[in-house]
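Report on the following structure.
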Amino acid sequence: MIEPASCPKFTLSLLGRFVLTGPNGVVSLPNKKLSGLLAYLACTAPEPQPREKLSTLLWGSHFDAQAKQNLRQALFKLRQILGHEALEGHGELVSLNATVILCDVGRFEALVRDGGREALSAAADLYRGRLIDDVNVGEEGWSDWLAVERERFQELALSAMAGLGERELAAGRADQALKAGQRANALNNMREDAHRLIMQALSATGRKAEALKYYQDVVALLKRELNTEPDAATKALVAELRRAQTLIESAAVSEIEISFPPAPAPMMAVDQPSIVVLPFRNMSDDPEQDYFADGVTEDIITALSRFRGFVVIARGSSFAFKDKGLTSRQIARQLGVQYVLSGNIRKAGNRIRVSAELTHAYDEVQVWSERYDRSIVDVFDLQDDISASVAAVVDPAVRDAEIKHARRKPPANLSAYDIYLRALPHLWGGTRDDIMMAIALLRQSLTLDQMRTTTLAALAWGLVMASPLGATALPETLVEALSLARRAVEQDGTDAFAHAVYGFTLFGPVGDNEQGRIHCLEAVRLNPSSAFAWGILGMIDSMGGDYQNAVACLQRSIVLSPYDNMLHFWMTGLAASCFALGRHEEGISWARNSVQQNPSNGTGHRMLAANLAAVGRLQEACDVTRERDAVQKTTIGELRAVRFFKQDEALERYLTVQRMVGVAD
């Protein structure tokens, strides 16, 4: 049966990477200029384009006769691949036949013009990245046109996402509005309408304190990047939020004072653990330190609320118990939480000592405790430093405690969350057997609960890590990883872990460096206390060539979580960055630490050998290679395919020293 002329034979995706798909799958064009020519005709369709304009656009640096000949050959080649009816010629004019090739840019613009909620949602989904992000023609005319069009389409996407968010907010779907605002912000974090949308959505979901904290971040961003202040609309919104927050906290205090103390309540019957941060006690003689203690407590609550592994009781409720003379266990039962974080602050001269303790309220077992000694230089910086440090360590402490509880449960009573917890130690184990076990458990967890964001992201991470560990190398595995990571971000655009995993998946297996880094930057913005987010951003920069920033990010991750299961991974990134920067002695130190943390870390061994060889310690480097090859042999071809260094110069230097130390081609 002959296909009707109205049914397109090909689809062309330009929003993001260039992908041409035909009846038999993806169609690869022989060179970038053919891709550029087809993309330009698709973007300008249905308007016919002069041949002279096309030849100048794509071959402007050639002589006029040669440029025209190149255009004729290119059009001939496209007709060979797509069929003669795909391109229509009218003398000196050429146009794309939309009945043969359906392009996403036309549909995208039509959806934005429609302006309805469904249309804007579809438009936002259709915008997968910068226009033809992977086509580089190298002609001035092309570059000028592409820069203008990329900006135009990005503005259309931003308007679609902001408009969608406003409609979702008006319909009472604050969670969906928040996702739309965060997607817009990930594209351009200088748009105040997106920032306002995020604050309004946070407020509508009952997270007014987080909305106000977010505003402070926006103030700092605008000052740093543009040396300006938020506009009048943003300031008016924040003034309204502050008034509402004051009323809520006053009501919370009054309610507890009137009804207190009620009968003991049962532990909170939710799958996730919950935690209350009690106001830190001022142990100094100076009553003014009360303000500092309260400020640290508030910042810890805000920092912990950015983690999605547990529920954090809001400031109004925790501060309502201040000076009530109750024990931690009584307060925990009153609020129905499993964990209590408490602490005290003591000032002596120009130093501050902060002690913190995390307790499991049900059995009164101490889960974690730490002491922080700091010099007083800038009070606000000190407050931020302490709150970030405490929050970063409390997250894995709660997780480890929950894992222990899950292990004690009978197999028949395991929930999706329990199975997820049992998978985590294997996920970070760093061996082939561990990662296979983690993948199996996470798949089992998802069969019970397909909507858990952290499980989706964790499984995506496991599948990405499976390939370098030799557990799997199938392309379908990486496609599944990308799909899972994208689902996690779409499901909860505020989850820093999900953004970091999605960013690394886009950067590594997919090769979309810019979009990958955007998501990792969003992860750090969403949760500045997340050692994982900082670590993944550092690994992307280490592999991508921004070695100085990689060192800063990876060191930040280690400072935030000095006993983390991922230390070997971050240390490998530091060893690689130091190799690329020529700081080989530092690279040796980091690589040795990496191998010590995880003796199964093959890349750590390779980085150790590379840095040793670079300083002339060839025999030691050869010994490291032989020891590693005895466990898992690697070839130059495999190292080139993994492409730890995306920059050719660093990669070739790395492969050269690997040959020197005995790695076979």
Q.
Sort 159-165, 477-483, 524-530 by the packing proxy (mean of other Cβ within 10 Å over each peptide's residues), most packed first.
A. 159-165, 524-530, 477-483
Q | Option label - P(r) over Cα pairs in 20 Å bins from 0, in percent computed here, alternatives (i) 16, 44, 32, 8, 0; (ii) 18, 52, 27, 3, 0; (iii) 19, 56, 25, 1 | A | (i)
**Q.** Dipole of the chain [Lys/Arg +1, Asp/Glu -1 at C-beta], most positive-end residue of 459, 111, 94
**A.** 459
**Q.** For residue 657, net neighbour charge (Lys/Arg +1, Asp/Glu -1) across residues whose Cβ lies under 12 Å away
**A.** +3
Q. What is the Cα coordinate range of segment 274-387 on the first, second and third principal axes, sorted by size from largest, in whole angstrom?
A. 39, 30, 25
Q: Indicate, rounded to the nearest 5 percent, the antiparallel portion of the DSSP beta bridges found entirely in the chain.
A: 75 percent
**Q.** Between 0 and 90°, nearest 10: helix 208-226 axis offset from the chain longest Cα axis
**A.** 50 degrees
Q.
Restricting to DSSP H runs of at least four residues, report the calculated mean residue ellipticity at 222 nm for the chain, -39500 (n - 2.57) per run over all residues, nearest 500 deg cm²/dmol.
A. -20500 deg cm²/dmol
Q: Grab the other residues whose beta carbon is less than 12 angstrom from that of residue 165, score K and R as +1, D and E as -1, and report the net.
A: +3
Q | Placed amide H near residue 282: partners under 5 Å, 5+ positions off or other chain | A | 345
Q.
Distance cut-off 27 Å, Cα to Cα: go down the list 324/347; 235/324; 322/404; 235/322 and report the pairs above it.
A. 235/324; 322/404; 235/322
Q: Using Cα positions and a limit of under 22 Å, work out the lysines in reach of residue 32, with same-chain residues fewer than 8 apart set aside.
A: 9, 53, 68, 77, 646
Q: Collect residues whose amide H, placed 1.01 Å from N in the peptide plane, falls under 5 Å from the amide H of residue 139; neighbours closer than 5 in sequence don't count.
A: none
**Q.** Amide H contacts of residue 94 (H built 1.01 Å from N, under 5 Å, at least 5 apart or other chain)
**A.** 49, 51
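Only the coordinates and a few stated rules stand behind these numbers; no lab work does. Quantities reported herein were computed from a predicted structural model and do not represent experimental measurements. All Cβ positions, glycine included, derive from the backbone under ideal geometry; neighbour counts span all protein chains shown.
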